[in-house]
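*Asks:* Could you have a look at this structure, given as structure tokens, before my questions?
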Amino acid sequence: METTAYLLSQAAAGDADAQFRVGYRLAFGRRRPRPTDWAAVLRYWEQAAVQQHRRALFYLGTCYDHGRGVAADVKRAYDYFRQAAAAGSVEAAYNVGFCYSRGQGVGPDAEEAVAWFRYAAECGDAEAQRELGYCYMLGKGVEPDYARAVHWYRKAARQHDRKAQYNLGLCYYSGEGVGYSRQWAAYWWRRAAASGHRRAKKELRNLMNQ
């Protein structure tokens, strides 16, 4: 593991990965300054981002999204997420889809949101898989298809996404996109509840009392 001194020397020499990693250590490392010096963090990440470092681009997007070290700016957040996605960040691709689905930093476009969710979902991103399932369930940007919704919910649920687990339980209980099954509804609600999903806990209690 490289020492911070080594990374600082590499960062000063213009190494984008070192610049990102110095910023990351300042933001999240065990020996980070308290309070976090976000101005220094942003300086390193901006240096790396100029060189299209995908993780630096992604984390800059999160800074503008949540107002860490800068004033919150959803347009700037979207721009950085879009650049990070173009550089190959699957997490950023999901965020671009989220921006299009909510009209956050960019005009709302349900079909564009689906395209980004599908790309990230096929790359294995659980949140994107869940959101794509949601789009199929409600017909947002695609024709409604309950079976496809269940398909994507299940993929996300198997990756321990509690919202997808809750939604999958609803599908089994309502028989939408899959055969009705109290047993499987309880199974998925139980898993979601174990992860702290409050509505899953409520649905599970109601099911057990029927």
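What follows draws every value from the coordinates through simple rules; no lab data is involved. Quantities reported herein were computed from a predicted structural model and do not represent experimental measurements. Note that each Cβ is placed from the backbone with ideal geometry, even for glycine, and that neighbours are counted across all protein chains shown.
*Asks:* Most mobile of Gly175, Gly105, Gly23 per a Gaussian network model of the chain (Cα springs, under 10 Å)?
*Replies:* In this elastic network of the chain, the residue with the biggest mean-square fluctuation among Gly175, Gly105, Gly23 is Gly175.
*Asks:* What ratio of Cα Rg to 2.2 N^0.38 Å holds for segment 60-188? Display every interim value, and only then the final one.
*Replies:* On the way: Rg = 15.7 Å, N = 129, 2.2 N^0.38 = 13.9 Å.
With N residues counted in segment 60-188, Rg over 2.2 N^0.38 Å equals 1.13.
*Asks:* Note down, for segment 1-133, the three equivalent ellipsoid semi-axes (square root of 5 times each alpha carbon gyration tensor eigenvalue), biggest first, whole angstrom.
*Replies:* Values: eigenvalues 168, 47, 31 Å².
Each semi-axis is the square root of five times an eigenvalue, giving 29, 15, 12 Å.
*Asks:* Sort Lys75, Lys155, Lys140 by Cβ crowding within 10 Å, fewest neighbours at the top.
*Replies:* Values: Lys75 12, Lys155 22, Lys140 17.
Least crowded to most crowded, the residues run Lys75, Lys140, Lys155.
*Asks:* Kirkwood hydrodynamic radius, computed over distinct alpha-carbon pairs, for segment 102-150: how many Å, to one decimal?
*Replies:* Working: mean 1/r = 0.0937 Å⁻¹.
The Cα-based Kirkwood calculation yields 10.7 Å.
*Asks:* Using the Cα atoms as the points, what is the convex hull volume per residue of segment 139-189 in Å³? Please report the intermediate quantities before stating the final value.
*Replies:* Working: hull volume 3.3 nm³, N = 51.
Per-residue hull volume (Cα only) is 65 Å³.
*Asks:* If the elastic network links every pair of Cα atoms under 10 Å, which of Cys171, Cys123, Cys63 fluctuates the most in the Gaussian network model of the chain?
*Replies:* Most flexible of the set in this elastic network: Cys123.
*Asks:* Could you line up Met1, Met137 from fewest to most neighbouring Cβ atoms inside 10 Å? Display every interim value, and only then the final one.
*Replies:* Details: Met1 4, Met137 22.
With the fewest neighbours first, Met1, Met137 line up as Met1, Met137.
*Asks:* I've got another one for you. 7 Å from Cα along Cα→Cβ at both Ala71 and Asp109: what's the point-to-point distance in nm?
*Replies:* Reported label-point gap for Ala71 and Asp109 is 2.7 nm.
*Asks:* Restrict the search to segment 72-107; then list the chymotrypsin sites (Phe, Trp or Tyr not before Pro) that DSSP places in a loop and that have at most 12 other Cβ atoms within 10 Å of their Cβ. Don't jump to the answer; show the numbers that get you there.
*Replies:* On the way: sites: Tyr78, Tyr80, Phe81, Tyr94, Phe98, Tyr100; in loops: none.
Here no loop site has a sparse enough neighbourhood.
*Asks:* Per DSSP H run of at least 4 residues, take -39500 (n - 2.57); add these up for the chain, divide by its residues and hand me the 222 nm value, nearest 500 deg cm²/dmol. Please report the intermediate quantities before stating the final value.
*Replies:* Details: 12 runs with 149 residues, N = 210.
Only helices count here, giving -22000 deg cm²/dmol.
*Asks:* Here is a follow-up. What FRET efficiency do you get for Arg102 and Met1 if R0 is 25 Å and r is their Cβ-Cβ distance, rounded to the nearest 0.05?
*Replies:* On the way: r = 39 Å, r/R0 = 1.56.
With a Förster radius of 25 Å, E is 0.05.
*Asks:* For the chain, modelled as a GNM with alpha-carbon contacts under 10 angstrom, which of Ala185, Ala13, Ala156 fluctuates the most?
*Replies:* Of the options given, Ala13 has the highest mean-square fluctuation.
*Asks:* Using the Cα atoms of segment 78-119 to build a convex hull, what is its mean projected area in square nanometres? Walk me through the intermediate numbers first.
*Replies:* On the way: hull surface 9.1 nm².
Spelled out: convex hull of the Cα atoms, projected over all directions, averaged, 2.3 nm².
*Asks:* Regarding segment 108-183, what are the three Cα extents along the principal axes, ordered largest first, in Å?
*Replies:* 36, 24, 16
*Asks:* Which lysines, on any chain, are close to Lys163 with Cα under 24 Å apart, when same-chain ones fewer than 8 places away are left out?
*Replies:* Lys140, Lys155, Lys201, Lys202
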